[in-house]
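Have a look at the structure below, then the notes.
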Amino acid sequence: MKLKVALLPGDGIGPEVIDEAVRILKTIGELCDHDFEFIEKLIGGVAIRDCGSPLPVETLDACFASDAVLLGAVGAPRYDDLPPDKRPEAGLLTLRRALGGYANLRPVVFYDALAPSSPLRPETARGADILIVRELLGGLYFSEPRGFVVEAGKQIAAYNTLRYETYEIERVAHIAFQAARQRRRKVTSVDKANVLETSQLWRETVTRVAASYPEVSLEHLYVDACAMRLVTHPQRFDVILTENLFGDILSDEAAVINGSLGTLASATIGGAIDLYEPVHGSAPDIAGRGIANPIGAIASAALMLRYTAHLEQEASDIETAIRQVLDAGYATPDLQSEATRCVVGTAEMGQLITEALAEIVDR
Ligand code: NAD
Ligand code: IPM
Ligand code: MN
């Protein structure tokens, strides 16, 4: 198998965690005789610093010349006062739109070894296995018009638009139902249809798409109620289908089920080129210290093998390796609890998962 991967490590802990994802990919490439080729480019704050743009043309060209993109994170405090379209985050949003992936899959699986790291009671969290399907190219993030209202040189107001086209809802709903068919056959569609027209259209459209999937059950839940139930009854969810902003917020919330945002991975599919990124950001509070949790990035590499390369065995071997290392009591500081036997840094965690993987593949 030949796979060309564009690496965009980005800012803060991005490069630290991407190094570990690459280590895993190189290992699996050698062990299973796959030819993974990497090309590294700038995005985000480092691209503003070196090229004056958060998404240089050269970066976008390299992504389009690849089979998949693996991104670390973007964003840094020194750019926080720039207008939205000049910030590091604009680089990521422009990239997402250009690549065209509209379905952002964010699996949240409870790790038994992390029961003591989770703020939830073990009996509440145990067995939780959720796939959040987040619409990624519409809604408040991209709709026009948007902007500031300036009077006499002073900003007196600001506005954004929340718009969804029917086809945007339909295409992501199909992804959610198809995923549910392979899982526990339940879709929870999350909206705010008691207030928003976009949510009413969302609900009607999802209900119509559901008719093509009679084996999958559909429920609708308001986003405020969903936010509560995610932490009181996470086991009741299978696939959560929701719009862009709600999906952003609910996925960070769902991260607490296993104790840290650092563990969550994502895959963005449906466009010209698939994009893989951990759910977390650049974590400026811990960047440069070698303590970031690389599991989200490593698990994103596993998703890349599953969805883009169709290497299901290799993907699940990586997931098993992650689980084994956690079961053995290793934890990065964000996961540390009374059950931790050994606190390790980013590179050690990557190395341990690599070693576990080598043993699994060898068997
Ligand atoms: P964040 O996700 O960077 O961090 C939130 C908290 O989680 C922090 O305390 C951080 O230390 C911790 N954390 C995150 N990832 C971790 C990991 N792998 N290991 C251990 N701890 C981890 O969110 P934030 O602080 O709200 O945002 C920081 C910057 O990141 C902002 O500029 C924001 O716009 C950007 N951001 C980027 C992405 C992305 O590139 N996909 C996602 C979210 C936020
Ligand atoms: C995420 C991030 C991004 C988003 C930001 C950095 C643009 O929070 O991937 O979850 O809001 O989509
Ligand atoms: Mn987010």
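Every number in this text was worked out from the coordinates using simple rules, so none of it is lab data. These numbers were taken from a predicted model, which means no experiment stands behind them. With ideal geometry, Cβ positions are generated from the backbone for all residues, glycine too; neighbour counts draw on all protein chains shown.
Quick notes on this one:
- Electrostatic dipole magnitude of the stretch 119-258 [Cβ: Lys, Arg +1; Asp, Glu -1; Cα centre; debye, to 20]: 420
- Working note: 222 nm ellipticity from helices only, DSSP H runs with n ≥ 4, each -39,500 (n - 2.57), summed and divided by the residues of the chain, gives -12500 deg cm²/dmol to the nearest 500.
- Note that the stretch 180-185 has calculated 3J(HN,Hα) couplings of 4, 4, 8, 10, 9, 6 Hz, one per residue in order, obtained from phi through the Karplus relation 6.51 cos²θ - 1.76 cosθ + 1.60 (θ = phi - 60°); glycine and proline are x.
- Given charges at beta-carbon only (K, R positive; D, E negative), |dipole| of the chain in Debye: 760
- Across the options GLY281, CYS342, ILE257, the greatest Cα extent toward the positive end of the charge dipole of the stretch 212-363 (unit charges at beta carbon of Lys, Arg, Asp, Glu) belongs to CYS342.
- When both the stretch 39-106 and the stretch 273-302 are represented by their alpha-carbon centers, they are found 15 Å apart.
- Computed on the chain, with alpha-carbon pairs under 8 angstrom and 6+ residues apart, the relative contact order is 22 percent.
- Charged-residue dipole, Cβ positions (Lys, Arg, Asp, Glu), the stretch 6-116 about Cα centre, Debye nearest 20: 440
- Unit charges at the beta carbon, dipole of the chain: most positive-side option, GLY127, PRO15, ILE48: GLY127
- For the stretch 188-301, average projected area of the Cα convex hull in nm²: 9.2
- 5 angstrom amide H check on ILE240, placed H, neighbours 5+ away: LEU131, ILE132, VAL133, THR188
- Scalar couplings 3J(HN,Hα) for the stretch 75-83, obtained by applying the Karplus form with A = 6.51, B = -1.76, C = 1.60 to θ = phi - 60°, are x, 8, x, 5, 9, 5, 8, 6, x Hz; x denotes Gly and Pro.
- Percent of beta bridges antiparallel (DSSP, the chain, rounded to nearest 5): 35
- Using a cutoff of 8 angstrom between alpha carbon atoms and counting only pairs six or more residues apart, the relative contact order for the stretch 282-354 works out to 35 percent.
- Each Cα pair under 8 Å and six or more residues apart adds its sequence gap; the mean of these over the residue count of the stretch 119-258 is a relative contact order of 39 percent.
- DSSP-defined antiparallel bridges as percent of all bridges, the stretch 119-258, nearest 5: 25
- Put in line by how crowded their Cβ is, counting other Cβ atoms within 10 Å and starting with the fewest, VAL5, VAL74, VAL361 read VAL361, VAL5, VAL74.
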